[in-house]
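Shown next, in structure tokens, is the structure this report addresses.
The values are calculated or read from the model by the stated rules, or taken from the named source; none is laboratory data. Quick caveat: nothing in here was measured; it's all calculated off a predicted structure. Every residue, glycine as well, gets a Cβ built from its backbone with ideal geometry; the counts of neighbours run over all protein chains shown. Please note that ligands, DNA and RNA were not included when accessible areas were found on the heavy atoms of the full protein model with its side chains. Shrake-Rupley method; radii C 1.70, N 1.55, O 1.52, S 1.80 Å.
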Amino acid sequence: MQLLKAYAHDFWRYRYLLQNLIGRDFKLKYRRSVLGVAWSVLNPLLMNIVMVVVFSTILDMRGSGIKNFPVYLLIGQLLFSFFTEGTSSAMGSMLGAAPLIKKVYIPKYIFPLERVCFAMVNCLFSFIALILMMILTGAELHATVFLALYPLVTLFLFTLGVGLMLAAATVFFRDVMHLWGVFTTALMYFSAIFYDPLQMGSFTVGGTELNVSQVIRFNPLYWYITGFRATVLDGTGLTWSMVWICGLCAVLALALGLIVFRRQQDKFVLHI
Amino acid sequence: MNMIEVNNVSMRFNMAKEKHESLKEYFLAAVQGKLQFEEFYALRDVSLKVEKGEFHGLIGLNGSGKSTLLKIISGVFKPTAGSVTVHGSIAPLIELGAGFDMDLTARENIFLNGTVLGLTPQYIREKFDEIVEFSELRDFLDVPLKNYSSGMVARIGFSIATVTKPDVLIADEILSVGDFMFQEKCEERMRQLMSGGTTVLLVSHSIGQVERMCDRVTWLEKGRVRMSGGAREVCDAYRALDEQAASAQRAAAKKPMEVKKD
Ligand SMILES: Nc1ncnc2c1ncn2[C@@H]1O[C@H](COP(=O)(O)OP(=O)(O)OP(=O)(O)O)[C@@H](O)[C@H]1O
Ligand SMILES: [Mg+2]
């Protein structure tokens, strides 16, 4: 509790720095690009079109029963890319902040937090693409859409927690960056982004038969994505298991992240 | 009242011969039993007290631990042993323009650096003209910092850092970059701050400047306090070191000549 209080105090004191750092990233990202912020919308939209074409014509993996496949796919893409962007940029954040933290005292967790916030800002912009796609495909708007805030907020906290752990680990071992890239690529295929796990069959590993829809339950991202789809696309609201799994994963990841990060942070400056 | 209290501070660095930055290297080294660190004390049992309103100088040869001590006082490093207490707000000028982003313009950097130092955007906006005025770089405000000269960057950095009235100002060789006009201006600004009650801890290699500006001086040698006291006294002793070193060098230079004669 005391730990949280200290974090909250720092957070309040350095909120403008956080704001300015996010502003800086934003400016630098879009400086000198003609379309600027529009890319946040265009990029996922174009990616989505490519993937829809690929998965519904060339590789037919869409199964048959997915209602509104483009939107289903886009939700998966957006949330998953928030997670990968957030974690991988948070991972390098301490190294990136090296010139700064070698000269001034700043609470270190500001940097991973800033990166995850920036990823979230991008993600929110790209929701414009989602809205466009929903209009284009004539998707219904449900009242449950407001509930989408829950998977979104818990996903943010989950990403932050994972990002903090990765940031701390990367300071000591740069290998983590490469490993994480491979891991997220593998994870992508197990997050039900472009298929419905219920319609997938089973596969065997070393003689035991595993069911895709069973295995995928161990992937927290699956729950965030499914929860978001349930509220935005299906209009069914959140099931209990969605609520508690999303919440629990977020709390656990964040707690672990804060503990690991806090324990190591005084050593960072000597290793970067 | 003591504004800065440094009590028996030691700082140990692990000078890894090779830094193991990847797992493979680390494991290889661990397996081969090569994972030794050379322990190195940058500071040993250093104590220092700076009173309110004092202008304290810190001198010493390269690598004697001055910057390390300032970083410990400003919280960048945690000391291996000992403790540090600073009363009141602290403006650390370990290097001017910490957190400047070379791709951003000076205007944007003023806000960024200001918030790094803990100022609010509103305060920076109020003081913006004052900052720009002092740095004399109004015409370059919307130029990215990468197109600045290093002295110009330092000007902006100094202007931002001294626009507040910090209780403690910590400055590491910051006056050496600017041209002589700006140096005078900086000294003037520091005196102004002092008269407003700010305590200053200054590292400089310009002994003349230290003697002129400081009340008291501490001389660090290889991580230990060699001497601490009035500015005149310590600076004189430090200068004497110069002569000693020079004569030692002369002696060393003579020897090989003598050898050759035989
Ligand atoms: N992060 C670090 N890791 C390992 N050793 C360090 C680190 N920082 C400083 N040192 C060592 O500590 C010693 C003191 O360095 P420091 O920068 O404090 O010297 P200084 O008195 O400021 O010298 P100068 O006059 O050149 O600025 C040096 O020998 C340096 O190698
Ligand atoms: Mg130094």
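Against the test of being touching a Ser or Thr at 6+ places or on another chain (Cβ under 9 Å) and among the hydroxyl-bearing types (Ser, Thr, Tyr), the options A:Thr204, A:Thr184 yield a single qualifying residue, A:Thr184. Please specify each residue of the stretch A:26-44 satisfying the condition of being among the hydrophobic types (A, V, I, L, M, F, W, C) and either open to solvent by 30 Å² or more (accessible area, probe 1.4 Å) or within 14 Å of chain B (Cβ to nearest Cβ) (or both). Passing the criteria: A:Phe26, A:Leu28, A:Val34, A:Leu35, A:Val37, A:Ala38, A:Trp39, A:Leu42.
Applying the set (1) facing chain A (nearest Cβ under 8 Å); (2) away from ligand 1 (no atom under 16 Å from the Cβ); (3) part of a strand (DSSP E or B) to B:Asp101 leaves exactly one unmet item: (3).
Would you please name the residue that is nearest to ligand 1 (Cβ to nearest atom), looking only at residues in the stretch B:212-229 that are open to solvent by less than 30 Å² (accessible area, probe 1.4 Å) and either more than 16 Å from B:Leu201 (Cβ to Cβ) or assigned to a helix (DSSP H, G or I) (or both)? Filtering first and then ranking leaves B:Gly223. Of the residues B:Val217, B:Val177, B:Val153, B:Val132, only one is among the β-branched types (Val, Ile, Thr) and at pLDDT below 85; which? Sole residue among the options that is among the β-branched types (Val, Ile, Thr) and at pLDDT below 85: B:Val177. Residues in the stretch B:53-78 that are open to solvent by 20 Å² or more (accessible area, probe 1.4 Å) and more than 10 Å from ligand 2 (Cβ to nearest atom): B:Gly53, B:Leu61, B:Gly75, B:Phe77, B:Lys78.
For first residues located in the stretch A:245-272 and within 19 Å of A:Ile110 (Cβ to Cβ), partners that are charged (D, E, K, R) and surrounded by 15 or more Cβ atoms within 10 Å (Cβ to Cβ) and lie 6+ apart or on another chain with Cβ distances below 8 Å form the pairs A:Phe261/A:Lys108; A:Gln265/A:Lys108; A:Phe268/A:Lys108; A:Val269/A:Lys102; A:Ile272/A:Lys102. Please work out if B:Val132 is in the same structural domain as B:Leu61 (by TED's automatic domain parsing) and at negative phi. Judged against the criteria, B:Val132 is not a match. Output the residue which, of all residues in the stretch B:65-88 that are away from chain A (no Cβ under 12 Å) and over 12 Å from the mean Cα position of the chain (by Cα), is nearest to B:Met152 (Cα to Cα). Only one residue fits best here, namely B:Gly88.
If we scan the stretch A:111-121, do we find a residue that is outside any helix (DSSP H, G or I) and crowded, with 20+ Cβ neighbours inside 10 Å? Looking for residues that are outside any helix (DSSP H, G or I) and crowded, with 20+ Cβ neighbours inside 10 Å, one finds none in the stretch A:111-121, hence no.
Flag: B:Glu184 does not match the condition of being within 15 Å of ligand 1 (Cβ to nearest atom), at pLDDT 85 or above and surrounded by fewer than 20 Cβ atoms within 10 Å (Cβ to Cβ). When B:Gly151 is tested against the conditions (1) within 12 Å of chain A (Cβ to nearest Cβ); (2) within 22 Å of the chain's Cα centre (by Cα); (3) surrounded by fewer than 22 Cβ atoms within 10 Å (Cβ to Cβ); (4) in a helix (DSSP H, G or I), the lone failure is (1). What pairs can you find where one residue is in the stretch B:62-80 and part of a helix (DSSP H, G or I), the other is within 6 Å of ligand 1 (Cβ to nearest atom), and their Cβ atoms are less than 6 Å apart, with a gap of 6+ or different chains? The qualifying pairs are B:Lys66/B:Gly60; B:Thr68/B:Ala42.
For the stretch A:14-29, check the following and say yes or no: at least one residue is within 21 Å of the chain's Cα centre (by Cα), at pLDDT 90 or above and among the polar types (S, T, N, Q). For the stretch A:14-29, residues within 21 Å of the chain's Cα centre (by Cα), at pLDDT 90 or above and among the polar types (S, T, N, Q): present.
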